[in-house]
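See structure below.
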DNA sequence: TATGAATGAGCTTTCATTCAT
DNA sequence: GATGAATGAAAGCTCATTCAT
């Protein structure tokens, strides 16, 4: 089953609608500031976005941005804190796992990343990761969680310990790398990678 | 044969030495400016690096930077133009290919990316790709070339057309993704991926 | 008799305790605002103290400061108005005067300045005097009163009109200058002046 | 006898003329910036003076102020460093000293403070002393030097060890206090103190 | 009386870029 | 080519003050 809310394939617009169900400039001032920052940071990058433009897009006076976020960097930090959630435990995963169905397990993971974040927030997560510590930490945890889940899915789906641990580890890391960067690489190079095909490939590699 | 010059594993220092065989502040002014910019752009990002700091690190007066590079962006463009070379044709590759040895072929590709660039330049290539067109184009060509080579290596090593074309394509793209992003992901998350293990995994997936 | 309350030698803490007999953050909001302002103005100066910090230290919301004091300058004015009292008439002074004891009279004046103000308020009085008219006026009156008293003490203690009027005037002004600035100069340069020694010096000069 | 150049009585205008012999807006940009800052800091205080007004009065663009003085405080520091000189040794003083003529010695000290600074710089020295360390240090050294000289003058003029050391110390400190603060107190309270009268008073006290 | 979000002018500072020498 | 003073637009940020509640 595909749930669109957290599919990485859904559009920014769709995310907005499904999460807030309102017009873009709705909500209180603080929310509108974060909305604006999210859009601008995703579009042009943190450094290249003046706070004045955030205020302008949010429809609030410049000073109000600093009322809520004393320093510009606090906007980014709050954005990451409040709008990216790495889901680190999910009991249902085991329930859904079907022994032997490694492809299905990975495919499900690809469709339902343990990340609650808009497409815009994902771009911010990657783009600003190497400049800002708090962003990097979040990304780091996401990466670890995806690897953990991929490993779990593969272990469950491939009982009997076929394949050594090292190969399983490489498989999990590879799948995480592809998932994390497919959006970026597609955006940058226009080359699309189908996670399902990779899932099948990896599953096949481990039999 | 392993050539260390373009190995992704070599250090920034080693690159510097092997390429220039000089002290860091050697060379003419233009070269020193590019050296400084390379280091600073890689470290803090293009936007966050003032031209004055480039001049300072290069040991040249501020005005000289603009003598060689009329606009700041020209420093980045020149850097990418002159210090990242995507090697798009290499006759020897076929010569080295051993039919049946897919792992060896991919492993060789990992060690010898079709990219002549310092580690610093690689970071710049990824970091600034979504902001600056010229950088993005270079990255795009690099990605395409790696996929092309990975596909070629796999086709050659796995004769007989075993495995369908789609799976082969997924394998090539996966390998390219891992190669391209392993440095970034390691830098960001601390998680290291061994290209050889991935090569073996993929080769095994295609038999 | 020595009364410690207005001795220039008493500490800020002692003043606080003796005057209010309460915890620092006691009292109604208006009082706490003035307390906070007194401390901050004395420490960093009027201009360098934001009203927000006054409110914060006072433990009241920012808006309340402006409820009691419509403009920031009104805090300073109220402080000077309410917390510096230049005592311009004191009948007992004559009673205590002992003809012939000029040193004792001056010494008593030094210990009991005709000023009811905390050490913090004294600093404010000097520091802000040349910027704010109301402060300057208060300081001016204090200076005049000290001179008047010193002159009176010397006249009374040195009967017979020995010494001409000009010298007596210079003596009074000198004593006032030393008294008024000894705190400042000690604070600024670390050099301490003993008012008693100066009293003796001056008395001796006039025989 | 040396007169007007360093007399505390000379006007700001006269100082300007005698020191530079030019129009106010002469000199290079850096000098004009310091000129403007000197005038404005003396008039309204450091905190209350925006750098933009300094630039405006100096007739230079705002950015140039920060070209020469990276932070606003550096303008004040440079001003104190370059435009207040505490003269800590002067051989002639002994030559001029006439044993027995204590009044003359003190009077000469009053007229020729061991301070090379315009009246404006003197005000800055006092006004900003308790906020800025570098200013306070300069003032502290000036105070110490005046005391040293006053003590020296009195010792020389009053041979024979008449009067104990403590009284002599008090006398020196008193004279220094009056000299240092007469300008301030005059400015603030309008009350003028004649240093000569104080000199005579003190000399008389020590016979 | 009490509150804190809202406001915008103005602050210090940064910086790419120009240009006379 | 080489230099660093000069320039001004724009950045991040501060802050007194207002005002609806």
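Coordinate-derived values only; no laboratory data. Predicted model only: the values in this text are computed from it and were never measured. Neighbour counts run over all protein chains shown; Cβ positions are idealised from the backbone, glycine included.
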Could you give log10 I(q)/I(0) at q = 0.23 Å⁻¹ for the stretch D:85-205, computed by the Debye formula over C-alpha point scatterers of equal weight, without solvent? -1.38
With label points set 7 Å from each Cα along the Cα-to-Cβ direction at residue B:64 and residue B:28, the distance between them in nm comes to 1.2
Average partner chain C-beta neighbours within 10 Å, per residue of A:142-153? 1
Considering only the label points, 7 Å along Cα→Cβ from Cα, what distances in nm to one decimal separate residue B:87 from the same position in each other copy, shortest first? 4.5, 7.7, 9.5
Report the calculated FRET efficiency for residue C:166 and residue C:144 (r = Cβ-Cβ distance, R0 = 22 Å), to the nearest 0.05. 0.75
Residue B:73 label points, 7 Å along Cα→Cβ, one per copy: pairwise distances from this copy to the rest in nm, shortest first? 2.8, 3.9, 5.0
For the residue pair residue B:133 and residue A:52, what label-to-label distance in nm results when each label sits 7 Å from Cα along the Cα-to-beta-carbon direction? 2.6
Identify the residues of the stretch C:117-150 with backbone N under 15 Å of a label point that sits 7 angstrom from the Cα of residue C:187 along the Cα-to-Cβ direction, or state none. C:117-131, C:136, C:139
Shielding by other protein chains, D:44-54, mean Cβ within 10 Å: 2
Looking along the axis that carries chain C onto chain A, the residue of C whose Cβ comes nearest, with distance in whole Å, is C:63, 4
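Inside 10 Å of the C-beta atoms of A:164-176, what's the mean count of C-beta atoms belonging to other chains? The partial results should precede the final answer.
Values: counts 0, 0, 4, 5, 1, 3, 11, 6, 0, 10, 10, 2, 5.
Average neighbour count from other chains, rounded to a whole number: 4.
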Provide an ascending nm list, one decimal, of label-point separations from residue A:148 to the equivalent residue in each further copy; define each label point as 7 Å from Cα along Cα→Cβ. 4.2, 7.0, 8.0
Only Cα pairs under 8 Å and at least 6 apart count here; give the relative contact order of the stretch D:85-205 as a rounded whole percent. 34
